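K.L.:
Just passing along the structure, written as structure tokens.
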């Protein structure tokens, strides 16, 4: 499964993907995108509000740090936890679960 977002402008169509990601601390990940932008994304509020055990288990900081970039997406444990590129690009992950 490959989740990417296409941003379209009047003159150009491009696909933005994640180029690199580094754990900063306290559930914050610094993400560099293919459009040369970057964001520090705080996943803490999302994880704290989650009700489902398969998401809450990522409140274990050691487990949370085990993310990987696969096909331009940031994901955990073979797509068990993944977010839309548009949300990561904006720096806000939805805390409504």
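K.L.:
Computed from the mean reciprocal separation of all distinct C-alpha pairs, what Kirkwood hydrodynamic radius does the range 46-97 have, in Å?
P.N.:
11.6
K.L.:
Would you order 63, 57, 17 from fewest to most other beta-carbon atoms within 10 Å of each residue's own beta-carbon?
P.N.:
Going from least to most buried by this count: 63, 57, 17.
We did not get these values from a lab; they are worked out from the coordinates using the rules stated. No experiment lies behind these values; they were computed from the predicted model shown. Quick reminder, even Gly has a Cβ in these numbers, built from the backbone with ideal geometry, and neighbours come from all protein chains shown.
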